[in-house]
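Structure first, commentary second.
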Amino acid sequence: MKCLSCLAFYAMVISTGCASDTEVQFPMRNDPNFTTQVEKPSFEAEKGPRVVVDQGHNNFFITTGLIEPLLDLLNSDGYRIDFSGDKVDLATLDRADIFLVITPMSSPYNDFKNDFTDAYSRKELRVLESWVREGGSLIVFSEHFPFDIAVSGLLETFGISTSIGVTIDHDFSNESAGEIVFEGERLANSHPIVAGKRSVTKVASYGGSALRGDGYTNILKLSDHAMNVPRNWLGVEGGPVGSGNSQGLAGFYGDGRIAAFGDSNGFAAMIFEDDVSEDFVGMNDDAYDWRNFVLNTFDWLSGS
(Lines give C-alpha, C1' and ligand atoms only; values in the text may rest on other atoms or scores of the structure.)
Protein backbone atom coordinates (compact mmCIF):
# COMPACT_ATOMS: atom_id res chain seq x y z
CA MET A 1 0.00 0.00 0.00
CA LYS A 2 1.31 3.43 -0.90
CA CYS A 3 1.45 5.82 2.00
CA LEU A 4 -0.05 9.29 1.97
CA SER A 5 2.73 11.70 1.06
CA CYS A 6 5.21 8.88 0.69
CA LEU A 7 8.24 11.17 0.75
CA ALA A 8 10.02 9.97 3.89
CA PHE A 9 6.83 9.06 5.75
CA TYR A 10 8.41 6.01 7.33
CA ALA A 11 11.95 7.31 7.59
CA MET A 12 14.18 5.52 10.07
CA VAL A 13 16.63 7.59 12.06
CA ILE A 14 19.78 5.94 13.36
CA SER A 15 21.93 8.09 15.63
CA THR A 16 25.22 7.32 17.33
CA GLY A 17 25.11 10.41 19.50
CA CYS A 18 26.33 13.31 17.37
CA ALA A 19 24.82 15.06 14.35
CA SER A 20 27.62 14.12 12.00
CA ASP A 21 27.02 10.41 12.72
CA THR A 22 23.26 10.56 12.18
CA GLU A 23 21.97 8.38 9.37
CA VAL A 24 18.49 8.65 7.91
CA GLN A 25 17.20 5.67 5.98
CA PHE A 26 14.26 6.21 3.64
CA PRO A 27 12.01 3.50 2.18
CA MET A 28 12.06 4.79 -1.40
CA ARG A 29 14.54 4.34 -4.20
CA ASN A 30 14.65 5.03 -7.93
CA ASP A 31 13.04 2.42 -10.16
CA PRO A 32 15.92 0.92 -12.21
CA ASN A 33 13.45 -0.31 -14.85
CA PHE A 34 11.81 3.05 -15.54
CA THR A 35 12.22 3.92 -19.22
CA THR A 36 13.64 7.41 -19.68
CA GLN A 37 14.11 7.13 -23.44
CA VAL A 38 11.81 9.46 -25.43
CA GLU A 39 10.96 8.01 -28.84
CA LYS A 40 10.14 11.34 -30.49
CA PRO A 41 12.14 14.01 -28.66
CA SER A 42 10.92 17.58 -28.63
CA PHE A 43 14.43 18.85 -29.42
CA GLU A 44 17.62 17.61 -31.00
CA ALA A 45 20.01 16.07 -28.51
CA GLU A 46 21.75 18.71 -26.38
CA LYS A 47 20.19 21.52 -28.43
CA GLY A 48 17.02 22.12 -26.45
CA PRO A 49 16.38 24.65 -23.67
CA ARG A 50 18.73 24.61 -20.71
CA VAL A 51 17.16 23.45 -17.44
CA VAL A 52 19.15 24.69 -14.45
CA VAL A 53 18.39 22.72 -11.29
CA ASP A 54 18.69 24.47 -7.94
CA GLN A 55 21.06 22.49 -5.74
CA GLY A 56 22.14 25.27 -3.40
CA HIS A 57 19.39 24.92 -0.80
CA ASN A 58 19.74 21.45 0.75
CA ASN A 59 17.44 20.06 -1.94
CA PHE A 60 16.26 16.64 -0.76
CA PHE A 61 15.70 15.14 -4.22
CA ILE A 62 19.16 16.27 -5.31
CA THR A 63 20.95 15.02 -2.20
CA THR A 64 19.30 11.60 -2.33
CA GLY A 65 19.48 11.20 -6.13
CA LEU A 66 15.70 10.91 -6.51
CA ILE A 67 15.91 13.63 -9.18
CA GLU A 68 17.84 11.39 -11.58
CA PRO A 69 14.93 9.76 -13.52
CA LEU A 70 13.44 13.19 -14.24
CA LEU A 71 16.73 14.61 -15.48
CA ASP A 72 17.44 11.53 -17.61
CA LEU A 73 13.99 11.84 -19.18
CA LEU A 74 14.45 15.53 -19.94
CA ASN A 75 17.90 14.91 -21.37
CA SER A 76 16.41 12.27 -23.67
CA ASP A 77 13.81 14.83 -24.78
CA GLY A 78 16.66 17.11 -25.88
CA TYR A 79 16.94 19.42 -22.88
CA ARG A 80 20.34 20.47 -21.60
CA ILE A 81 20.75 19.92 -17.86
CA ASP A 82 22.83 22.08 -15.55
CA PHE A 83 22.97 22.77 -11.81
CA SER A 84 23.21 25.93 -9.75
CA GLY A 85 26.32 26.09 -7.63
CA ASP A 86 25.10 27.98 -4.59
CA LYS A 87 22.67 30.84 -4.11
CA VAL A 88 20.31 32.11 -6.79
CA ASP A 89 22.00 34.95 -8.64
CA LEU A 90 22.14 36.50 -12.11
CA ALA A 91 25.10 34.37 -13.14
CA THR A 92 23.04 31.25 -12.44
CA LEU A 93 19.85 32.47 -14.09
CA ASP A 94 21.55 33.99 -17.14
CA ARG A 95 22.44 30.50 -18.35
CA ALA A 96 18.94 29.09 -17.70
CA ASP A 97 15.88 28.87 -19.91
CA ILE A 98 14.00 26.98 -17.20
CA PHE A 99 14.88 27.12 -13.50
CA LEU A 100 13.83 24.08 -11.45
CA VAL A 101 13.25 24.27 -7.68
CA ILE A 102 12.44 20.97 -6.00
CA THR A 103 12.37 19.96 -2.31
CA PRO A 104 14.57 22.72 -0.86
CA MET A 105 15.16 22.92 2.90
CA SER A 106 16.55 25.59 5.20
CA SER A 107 19.07 23.06 6.56
CA PRO A 108 20.22 19.55 5.60
CA TYR A 109 17.58 16.87 6.17
CA ASN A 110 19.80 15.04 8.66
CA ASP A 111 20.61 18.15 10.70
CA PHE A 112 18.13 18.11 13.55
CA LYS A 113 18.13 21.74 14.61
CA ASN A 114 14.35 21.97 14.13
CA ASP A 115 14.78 25.48 12.69
CA PHE A 116 12.62 25.08 9.59
CA THR A 117 12.36 28.43 7.81
CA ASP A 118 12.38 29.91 4.31
CA ALA A 119 15.25 28.52 2.26
CA TYR A 120 15.66 31.63 0.07
CA SER A 121 16.87 35.08 1.03
CA ARG A 122 15.10 38.27 0.00
CA LYS A 123 17.99 39.12 -2.29
CA GLU A 124 17.66 35.78 -4.08
CA LEU A 125 13.91 36.26 -4.48
CA ARG A 126 14.34 39.74 -5.95
CA VAL A 127 16.73 38.37 -8.56
CA LEU A 128 14.46 35.44 -9.36
CA GLU A 129 11.35 37.63 -9.61
CA SER A 130 13.05 39.98 -12.05
CA TRP A 131 14.35 37.08 -14.15
CA VAL A 132 10.91 35.48 -14.50
CA ARG A 133 9.20 38.82 -15.17
CA GLU A 134 11.65 39.44 -18.00
CA GLY A 135 10.97 36.11 -19.69
CA GLY A 136 12.38 33.23 -17.65
CA SER A 137 10.45 30.04 -16.91
CA LEU A 138 10.21 28.68 -13.37
CA ILE A 139 8.97 25.33 -12.11
CA VAL A 140 8.71 24.96 -8.34
CA PHE A 141 7.42 22.28 -5.97
CA SER A 142 6.04 22.90 -2.50
CA GLU A 143 5.51 19.43 -0.92
CA HIS A 144 4.51 18.62 2.67
CA PHE A 145 6.13 20.02 5.82
CA PRO A 146 8.94 21.13 6.08
CA PHE A 147 9.45 21.64 2.32
CA ASP A 148 6.33 23.84 2.21
CA ILE A 149 7.86 26.29 4.70
CA ALA A 150 11.16 26.34 2.82
CA VAL A 151 9.52 27.42 -0.44
CA SER A 152 6.67 29.56 0.93
CA GLY A 153 8.48 32.87 0.49
CA LEU A 154 9.45 32.01 -3.07
CA LEU A 155 5.86 31.19 -3.99
CA GLU A 156 4.51 34.31 -2.28
CA THR A 157 6.86 36.38 -4.45
CA PHE A 158 4.77 35.25 -7.42
CA GLY A 159 1.36 35.56 -5.78
CA ILE A 160 1.00 31.90 -4.76
CA SER A 161 0.36 30.64 -1.23
CA THR A 162 1.03 27.15 0.11
CA SER A 163 -0.46 25.36 3.08
CA ILE A 164 1.85 24.07 5.81
CA GLY A 165 1.35 20.44 6.88
CA VAL A 166 0.01 17.80 4.50
CA THR A 167 -3.06 17.76 2.25
CA ILE A 168 -5.79 15.11 2.19
CA ASP A 169 -8.88 15.13 -0.01
CA HIS A 170 -11.29 12.28 0.62
CA ASP A 171 -13.62 13.40 -2.20
CA PHE A 172 -11.01 12.65 -4.87
CA SER A 173 -8.92 9.98 -3.20
CA ASN A 174 -7.96 6.40 -3.80
CA GLU A 175 -8.30 5.54 -0.11
CA SER A 176 -6.54 2.18 -0.31
CA ALA A 177 -3.42 3.77 -1.77
CA GLY A 178 -3.45 7.12 0.02
CA GLU A 179 -3.54 9.10 -3.24
CA ILE A 180 -5.47 12.16 -4.43
CA VAL A 181 -6.72 11.38 -7.94
CA PHE A 182 -7.20 14.04 -10.63
CA GLU A 183 -9.25 13.19 -13.73
CA GLY A 184 -12.15 14.61 -15.75
CA GLU A 185 -13.17 18.06 -14.54
CA ARG A 186 -10.48 17.93 -11.85
CA LEU A 187 -7.92 18.45 -14.63
CA ALA A 188 -7.62 21.67 -16.63
CA ASN A 189 -8.27 19.80 -19.87
CA SER A 190 -7.84 22.85 -22.11
CA HIS A 191 -4.40 23.77 -20.78
CA PRO A 192 -1.38 22.56 -22.81
CA ILE A 193 0.04 20.73 -19.78
CA VAL A 194 -2.96 18.41 -19.96
CA ALA A 195 -3.98 18.86 -23.60
CA GLY A 196 -0.48 18.77 -25.05
CA LYS A 197 0.94 16.44 -27.66
CA ARG A 198 1.06 13.59 -25.13
CA SER A 199 -2.15 12.18 -23.67
CA VAL A 200 -3.02 12.96 -20.05
CA THR A 201 -6.31 11.66 -18.64
CA LYS A 202 -5.49 10.83 -15.01
CA VAL A 203 -2.76 11.61 -12.49
CA ALA A 204 -2.57 11.38 -8.71
CA SER A 205 -0.64 13.11 -5.97
CA TYR A 206 0.67 11.33 -2.93
CA GLY A 207 -0.06 14.03 -0.35
CA GLY A 208 2.00 17.19 -0.44
CA SER A 209 0.59 20.67 0.12
CA ALA A 210 -2.31 22.74 -1.20
CA LEU A 211 -1.73 25.85 -3.31
CA ARG A 212 -3.75 28.94 -4.11
CA GLY A 213 -2.95 31.56 -6.73
CA ASP A 214 -5.31 34.06 -8.33
CA GLY A 215 -4.58 34.61 -12.00
CA TYR A 216 -3.12 31.14 -12.54
CA THR A 217 -4.81 28.19 -14.22
CA ASN A 218 -5.77 25.51 -11.71
CA ILE A 219 -4.33 22.41 -13.38
CA LEU A 220 -4.96 19.95 -10.52
CA LYS A 221 -8.16 20.92 -8.69
CA LEU A 222 -8.83 19.96 -5.10
CA SER A 223 -12.38 19.63 -3.79
CA ASP A 224 -14.05 22.05 -1.41
CA HIS A 225 -13.58 19.43 1.31
CA ALA A 226 -9.80 19.16 1.00
CA MET A 227 -8.12 19.41 4.38
CA ASN A 228 -4.71 20.44 5.64
CA VAL A 229 -3.55 18.34 8.59
CA PRO A 230 -0.36 18.19 10.71
CA ARG A 231 2.70 16.47 9.27
CA ASN A 232 5.53 14.86 11.22
CA TRP A 233 9.05 15.10 9.82
CA LEU A 234 11.60 13.03 11.71
CA GLY A 235 9.99 13.79 15.04
CA VAL A 236 9.04 17.43 14.38
CA GLU A 237 5.39 18.29 13.70
CA GLY A 238 4.41 21.10 11.35
CA GLY A 239 1.02 22.59 10.55
CA PRO A 240 -1.76 22.74 9.89
CA VAL A 241 -1.50 26.29 8.60
CA GLY A 242 -3.46 27.66 5.64
CA SER A 243 -5.35 25.90 2.88
CA GLY A 244 -5.62 25.80 -0.89
CA ASN A 245 -7.73 24.70 -3.83
CA SER A 246 -5.02 23.25 -6.06
CA GLN A 247 -2.01 20.98 -6.31
CA GLY A 248 -0.96 22.36 -9.67
CA LEU A 249 -0.93 25.93 -10.99
CA ALA A 250 0.41 27.35 -14.23
CA GLY A 251 0.41 30.79 -15.73
CA PHE A 252 2.28 33.83 -16.98
CA TYR A 253 4.16 36.31 -14.82
CA GLY A 254 5.19 39.32 -16.84
CA ASP A 255 6.91 37.86 -19.90
CA GLY A 256 7.76 34.65 -18.05
CA ARG A 257 6.02 31.39 -17.16
CA ILE A 258 5.48 29.62 -13.85
CA ALA A 259 4.37 26.07 -13.05
CA ALA A 260 3.92 25.31 -9.34
CA PHE A 261 2.98 21.94 -7.84
CA GLY A 262 2.06 20.89 -4.33
CA ASP A 263 3.55 17.41 -4.64
CA SER A 264 6.83 16.46 -6.28
CA ASN A 265 6.45 12.68 -6.35
CA GLY A 266 4.67 12.58 -9.70
CA PHE A 267 7.88 13.93 -11.27
CA ALA A 268 9.90 11.09 -9.75
CA ALA A 269 9.99 7.35 -10.55
CA MET A 270 10.29 5.58 -7.23
CA ILE A 271 9.82 2.16 -5.75
CA PHE A 272 8.41 2.49 -2.26
CA GLU A 273 8.93 -0.45 0.06
CA ASP A 274 7.66 -1.42 3.49
CA ASP A 275 7.46 -4.74 5.31
CA VAL A 276 4.55 -6.06 3.24
CA SER A 277 4.58 -4.44 -0.18
CA GLU A 278 6.52 -2.80 -3.00
CA ASP A 279 4.75 -0.01 -4.89
CA PHE A 280 5.49 2.27 -7.83
CA VAL A 281 5.23 6.01 -7.20
CA GLY A 282 5.40 8.67 -9.93
CA MET A 283 6.20 8.38 -13.62
CA ASN A 284 6.67 4.61 -13.32
CA ASP A 285 3.13 4.08 -11.97
CA ASP A 286 1.19 2.70 -14.95
CA ALA A 287 -2.14 3.68 -13.39
CA TYR A 288 -1.43 7.33 -14.16
CA ASP A 289 -0.13 9.52 -16.97
CA TRP A 290 2.64 11.25 -15.04
CA ARG A 291 5.33 10.65 -17.65
CA ASN A 292 3.27 12.43 -20.31
CA PHE A 293 2.24 15.13 -17.83
CA VAL A 294 5.88 15.85 -17.01
CA LEU A 295 6.94 16.11 -20.66
CA ASN A 296 3.94 18.32 -21.48
CA THR A 297 4.82 20.57 -18.52
CA PHE A 298 8.33 21.19 -19.84
CA ASP A 299 6.96 21.63 -23.38
CA TRP A 300 4.79 24.45 -22.03
CA LEU A 301 7.57 25.99 -19.95
CA SER A 302 9.85 26.00 -23.01
CA GLY A 303 7.17 27.62 -25.14
CA SER A 304 7.15 24.73 -27.61
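Quick notes
- Cα gyration tensor shape for the range 203-304, rounded if a/c is under 1.5, else prolate or oblate: oblate
- Partners of K47 within straight-line reach, counting aspartates and glutamates whose Cα lies under 19 Å from its Cα and excluding those fewer than 8 residues away in the same chain: E39, D72, D77, D82, D94, D97, D299.
- Summed over qualifying helices (DSSP H, 4 residues or more, each -39500 (n - 2.57)) and divided by its residue number, the chain shows a 222 nm mean residue ellipticity of -5500 deg cm²/dmol.
- Table column - 3J(HN,Hα) (Hz), the range 225-233, Karplus curve with 6.51, -1.76, 1.60, x for Gly and Pro: 9, 4, 10, 10, 10, x, 9, 9, 10
- Residue range of the chain that is longest and free of GluC sites (Glu not before Pro) which are both DSSP loop and sparsely packed (at most 15 other C-beta within 10 Å): 176-304
- For a straight C-alpha distance cut-off of 12 angstrom, the aspartates and glutamates reachable from K221 (same-chain residues fewer than eight places away being disregarded) are D169, D171, E183, E185.
- A cut-off of 5 Å between modelled amide H atoms, ignoring neighbours fewer than 5 places along the same chain, links S173 with V181.
- The range 185-245 - convex hull of alpha carbons, volume per residue in Å³: 108 Å³
- Look at the Cα gyration tensor of the range 81-154: its axes a ≥ b ≥ c give a/c of at least 1.5 with a/b over b/c, and that counts as prolate.
- ³J(HN,Hα) computed for each position of the range 158-167 - Karplus, 6.51 cos²θ - 1.76 cosθ + 1.60, integer Hz, glycine/proline x: 10, x, 10, 10, 10, 6, 10, x, 8, 9
- Amide H within-cut-off set for I219, under 5 Å, with H built and near neighbours excluded: G248, L249, A250
- Inverse mean reciprocal Cα-Cα distance (Kirkwood Rh) of the range 41-182, Å: 16.3 Å
- Rounded accessible area per residue of the chain, 1.4 Å, Å²: 41 Å²
- Dipole orientation for the chain: of the candidates S223, G184, G159, G159 has the Cα lying most toward the positive pole (charges on Cβ; Lys, Arg +1; Asp, Glu -1).
- Protein accessible area in the range 144-215, 1.4 Å probe - carbon and sulfur %: 47 percent
- For the chain, a simple Cβ point-charge model (Lys and Arg +1, Asp and Glu -1, everything else neutral) yields a dipole of about 780 debye relative to the Cα centre.
- Mean projection of the Cα convex hull over all viewing directions, computed for the chain: 14.7 nm².
- The range 163-221 versus the range 65-126: alpha-carbon centroid distance in Å: 23 Å
The values are calculated or read from the model by the stated rules, or taken from the named source; none is laboratory data. The model shown is predicted, which means the values in this text are computed figures rather than measured ones. Glycine gets a Cβ as well: all are built from the backbone with ideal geometry, and neighbour counts include every protein chain shown. To get the accessible areas, we keep the full protein, side chains included, count just its heavy atoms, and leave off ligands, DNA and RNA. Shrake-Rupley method; radii C 1.70, N 1.55, O 1.52, S 1.80 Å.
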